[in-house]
Structure formats: C-alpha cells, structure tokens
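> One structure, as structure tokens, below. Some questions next.
The values are calculated or read from the model by the stated rules, or taken from the named source; none is laboratory data. These numbers were taken from a predicted model, which means no experiment stands behind them. Here the Cβ positions follow ideal geometry from the backbone for every residue, glycine too, while neighbour counts run over all protein chains shown.
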Amino acid sequence: MKNTEKSDALVTLAARLANAREKAGLSVQEIAERLEVSPEEYTEWEAGNGEPDTETVRRAAEILHVTGNYLLFGLAREGMVGAMFPNKAQQAVLPVWYGCMMAGAALLFCGGAGMLLMLFTGRTVEAGGALLSYLPFQVFLGICVVGVALCITALILRSKNKKTKRGKGQGDGRKTNQQ
C-alpha cells in the first residue's frame with residue numbers, strides 16, 4: 001500500500017468524525033478549541049490525512065455525544081440496546097435485570113432438565129414413589145425455585161425501569177401544558 005493512499009479505517013473515522021460534529025452542531029473551530037488542537041489539524045483528521053490519538057478520540061466522543069467505539073469502529077450505543085432503552089438510566093440498569101433473567105433462565109433449564117432426567121431414568125423407584133422426599137429431586141427443585149425467583153426479580157427491575165420512564169414523560173408533558 002502506498003503512503004499516499006488512505007486506509008479504509010482512516011476514511012471511516014474521518015467520515016464519522018465529520019458526521020458526529022455536524023450532528024452536534026459544532027464548527028471545526030469550536031471542536032478544535034474543545035479538543036485543544038489547531039483547526040488545521042482537526043480538518044486533516046476529517047479529511048482522512050491523519051488521525052487523533054486514543055485520548056483525543058475519547059474526548060471527541062464525549063464532546064460529540066457519541067461513543068469512542070462509534071468513532072473508531074462504527075459501533076453505536078444506539079444499536080439494539082439504545083432502541084430498547086433510550087435513556088442512560090435505563091441502560092445502566094440493563095446489566096442487572098438482564099443478568100438476573102439470563103441466570104434465572106439457566107437455572108430453570110438446569111433444574112428442570114435434572115428433574116426430567118430423574119423421572120425418565122427410573123430414579124423415582126429409588127425414592128419409593130415419594131419424589132419430594134428424594135434428596136436429588138429436592139436439589140433440582142431448589143435450583144428451579146431460585147431460577148424462578150431470579151426471573152421474577154428481573155421482571156420487577158424491568159417494570160420499575162418502565163415506570164420511571166413513563167413518570168418522567170408525563171412530568172414533561174404537564175410542564176408543557178402549563179406553559
């Protein structure tokens with residue numbers, strides 16, 4: 001590759017920088033001042049003739065209200081997660097309720113599979129027909145109960161998150177109506 005040719009990554013970084021700057025409504029002069037670089041240097045970045053260091057990309061992302069991953073790789077926070085949970089408070093809660101739901105589902109699957117295996121492999125004979133008094137069955141049943149509890153916790157966290165969003169939206173509407 002010749003030195004005069006621009007790499008695809010550099011061109012896309014340049015395009016994303018320019019696009020994000022325009023969406024933020026900033027001039028080249030304004031963003032250059034905030035990044036503490038010359039407007040000429042910033043213009044070179046947007047032209048794809050150079051690139052900022054990692055720290056400058058991080059600061060640019062913060063100023064332009066995008067992620068560093070978006071500027072560097074085109075991966076936007078606004079992807080699937082952003083579509084489901086538009087505000088940052090909701091995105092902060094996402095790992096908690098999502099983790100609870102996934103852990104609960106995994107435990108339910110494992111516990112249920114264990115109980116079914118016991119039923120279909122004839123382990124009920126060892127228990128004398130009283131499955132609830134058979135210790136391995138109790139363990140699998142306990143795993144299922146914990147799984148259900150985690151799933152319910154996840155749903156509660158999710159519903160609280162939705163109520164918070166609705167409450168904020170209604171509050172904004174009332175303010176608009178009063179003015």
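> When residues of segment 127-178 are filtered for being within 20 Å of the chain's Cα centre (by Cα) and either charged (D, E, K, R) or modelled with pLDDT under 55 (or both), how many remain?
Qualifying residue count for the region: 5.
> When the residues of segment 29-60 are filtered to those that are more than 22 Å from Phe73 (Cα to Cα) and assigned to a helix (DSSP H, G or I), which remaining residue is nearest to the chain's Cα centre (by Cα)?
Arg34
> Please specify each residue of segment 1-55 satisfying the condition of being at pLDDT 90 or above and touching a Gly at 6+ places or on another chain (Cβ under 8 Å).
Across segment 1-55, the qualifying residues are Glu41, Glu44.
> Continuing with this model, one more query. Take the conditions basic (Lys, Arg), surrounded by 10 or more Cβ atoms within 10 Å (Cβ to Cβ) and at pLDDT 70 or above and apply them to Arg123. Does it pass?
no
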